[in-house]
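Trainee: Pasting a structure here, questions to come.
The values are calculated or read from the model by the stated rules, or taken from the named source; none is laboratory data. Just so it is clear, the structure is predicted and the values come from calculations on it, not from any experiment. With ideal geometry, Cβ positions are generated from the backbone for all residues, glycine too; neighbour counts draw on all protein chains shown. In case anyone asks, the SASA skips ligands and DNA or RNA and just uses the protein heavy atoms, side chains included. Shrake-Rupley method; radii C 1.70, N 1.55, O 1.52, S 1.80 Å.
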Amino acid sequence: MAAQRRTYMQSQHQSWTDDLPLCQMCGVGSAPNCVYSSDGKGTQSHPNEDAHLRFRGEDGLFLYGVFNGYDGSRVASFASQCLTAELLLGQVNSSHTDNDVRRILTQAFDVVEKSYFETIDDALAEKAHLSNYLVPHNENQKVQERLKELEQEVSGGATAVVALILNNKLYIANVGTNRVLLCKSSSDGQNQVLQIGRPHSTDNEDELQRLAALGVDSARIRQAGQIAGQSCTRRLGDYRVKFNYNEIDLLSVAKSKPIIAEPEIYGSQSLDGVTGFLVLMSEGLINALESAHGPEQANQEIVAMVAAELAQHTSLEAVAQSVVERVKRLHHDVFVSGRQRATYCSRHEDMTLLIRTLNYPLADALTPTQGGRIYPVSVPYSSNQSTSKTSVTLSLVMPSPGTLTNGTNTASTLEEGTPTPGSQSPTATLQSTNTQTQSSSSSSGDGSLFRQRGSQAAQPDETGRVPPYVDFSQFYRLWGSDHSDSQSTQGGLGPQ
């Protein structure tokens, strides 16, 4: 098996994983990092460092992962390929128990970490040799230039979150600060959002206790908020904190290696009878949204966006990319607004979003009760904790005859409060639980996130009109494209 793995990894192709079957029930969206200038224009500051995987194996096995690289893409890229080799070449099969799967996942991460450092052994040895040479020859420019090249070659690390589905059971392996959400939809319109696992960050109490047991001053770690430039307390690669941690002030008193690559494993969780979707997000996407709107409703906002885009698109790739673009746009708009949170939004890192549906229909599979096409409209809302404004896209069904009705499959089931004609408004059920392994919330939507107009109603303009509260522009555009012939004879649809 090891020889087979090395053959694959040393292939002359761009990636040996190119020949593996992709999972068709999955979509990935991404956006590069961006730094805004004072006029709101964005510039990419470095090449994209994220990576992902989404493969279908044999025997009902599916493998997904999101990797957030830093100081280069080498570790993220290596980990995505090596983990695939460690998990999709027969190591996992349907006869394995939960304990077997957890053990195999842990071993896979250990192999990735050791294998990566093997690839940079020679460079690290040369770097050490030249560093010693520079002591009596510190003006040798060629040596200094070579040391810079070597540092670029060996530096960097990555965080990783991996989801494995086997026998319709979900397992999550996490190292670092990426995030996994599982959204479950029920027949009565309730939606439960479950965050699986907690980030390995400098404000994670369990991680601080782990570091304190090694002799590290956890109070200083919490106050600093970062270790060697990163907030994660577990990471892949990054030789500085793995081999030279005694030279880092915050870690110098540690009794043993404080920054580790051992994953926390969650699961199994049965997916039998589950309708919903699984979301894997890189730290860059999470931070961008939380910088713009605060962390309180971030999970619910992401799920609402995913549900909204699932109601509009027939491609999961388009769904994932649209959600990333929405987060990117929200982040940018908060920066240029100059509002309270604008100072947190001067830049964002690479963003990656992976969506895996679980018996969840796409737009072309929706079946409204009265037939017809589903068209989106946009309604603004804001959280109670933030003055920032975004929007939830709702679905309207336009039947051939009859009146306008709400679709039976509303696009945002978490955060809208639009009642269905002839029925009562849905009541709210907001529940939160926080444990060491997961947090969840559920809602049928009570409108609590919608902006309250009250005495702040918009004033009429010079024509006597007020700005629309509900944005029908996309609705009109799609309706027009579908009914272009009838518009020419009947005068069209929309404001005249």
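Trainee: When segment 67-79 is examined, which residues are found to be surrounded by fewer than 24 Cβ atoms within 10 Å (Cβ to Cβ) and either of a type in the set (A, V, I, L, M, F, W, C) or under 9 Å from Ala158 (Cβ atoms) (or both)?
Mentor: Ser73, Arg74, Ser77, Phe78, listed by residue number.
Trainee: Here's a check for you: in segment 290-339, which residue that is open to solvent by less than 20 Å² (accessible area, probe 1.4 Å) and outside any helix (DSSP H, G or I) is farthest from Leu194 (Cα to Cα)?
Mentor: Checked segment 290-339; the qualifying residue farthest from Leu194 (Cα to Cα) is Ala311.
Trainee: Do we have any residue at all in segment 255-266 that's touching a His at 6+ places or on another chain (Cβ under 9 Å), open to solvent by 10 Å² or more (accessible area, probe 1.4 Å) and in contact (Cβ under 8 Å) with a residue 40 or more places away in the chain?
Mentor: yes
Trainee: Condition check: in a loop (DSSP other than H, G, I, E, B), of a type outside the set (Lys, Arg) and at positive phi. Does Gly273 satisfy that?
Mentor: yes
Trainee: Checking His200 against (1) in contact (Cβ under 8 Å) with a residue 24 or more places away in the chain; (2) open to solvent by 10 Å² or more (accessible area, probe 1.4 Å), which single condition isn't satisfied?
Mentor: (2)
Trainee: When segment 210-239 is examined, which residues are found to be touching a helix residue (DSSP H, G or I) at 6+ places or on another chain (Cβ under 8 Å) and in a helix (DSSP H, G or I)?
Mentor: Leu211, Ala212, Ser218, Arg220, Ile221, Arg222, Ala224, Tyr239
Trainee: Just checking, how many residues over segment 84-124 are open to solvent by 60 Å² or more (accessible area, probe 1.4 Å) and either without any contact (Cβ under 8 Å) to a residue 40 or more places away in the chain or among the hydrophobic types (A, V, I, L, M, F, W, C) (or both)?
Mentor: Number satisfying all stated conditions: 9.
Trainee: Here's another thing I want to ask about it. Between Arg146, Arg179, which is under 22 Å from the mean Cα position of the chain (by Cα), open to solvent by 30 Å² or more (accessible area, probe 1.4 Å) and in contact (Cβ under 8 Å) with a residue 12 or more places away in the chain?
Mentor: Result of the check over Arg146, Arg179: Arg179.
Trainee: Which of the numbered conditions does Asn246 fail, given that it passes all the others? Conditions: (1) part of a helix (DSSP H, G or I); (2) open to solvent by less than 20 Å² (accessible area, probe 1.4 Å).
Mentor: Every condition holds for Asn246 apart from (2).
Trainee: Let me ask another. Cβ-Cβ under 8 Å, sequence separation 6+ or interchain: first residue in segment 214-227 and more than 14 Å from Ile259 (Cα to Cα), partner charged (D, E, K, R). Which pairs?
Mentor: Arg222/Asp203; Gly225/Asp203
Trainee: Continuing with the same structure: Ala307: modelled with pLDDT under 95 and out of contact with any helix residue (DSSP H, G or I) (no Cβ under 6 Å at 6 or more places or on another chain), yes or no?
Mentor: So Ala307 passes the test.
Trainee: Looking at Val66, is it over 17 Å from Leu170 (Cα atoms) and either part of a strand (DSSP E or B) or modelled with pLDDT of 95 or more (or both)?
Mentor: No: the conditions fail for Val66.
Trainee: Restricting the first residue to segment 159-175 and requiring it to be under 20 Å from Val75 (Cβ atoms) and free of Cβ contacts under 8 Å to residues at least 24 places away in the same chain, which pairs with a second residue that is outside any strand (DSSP E or B) and open to solvent by 10 Å² or more (accessible area, probe 1.4 Å) meet a Cβ separation below 9 Å and a spacing of at least six or different chains?
Mentor: none
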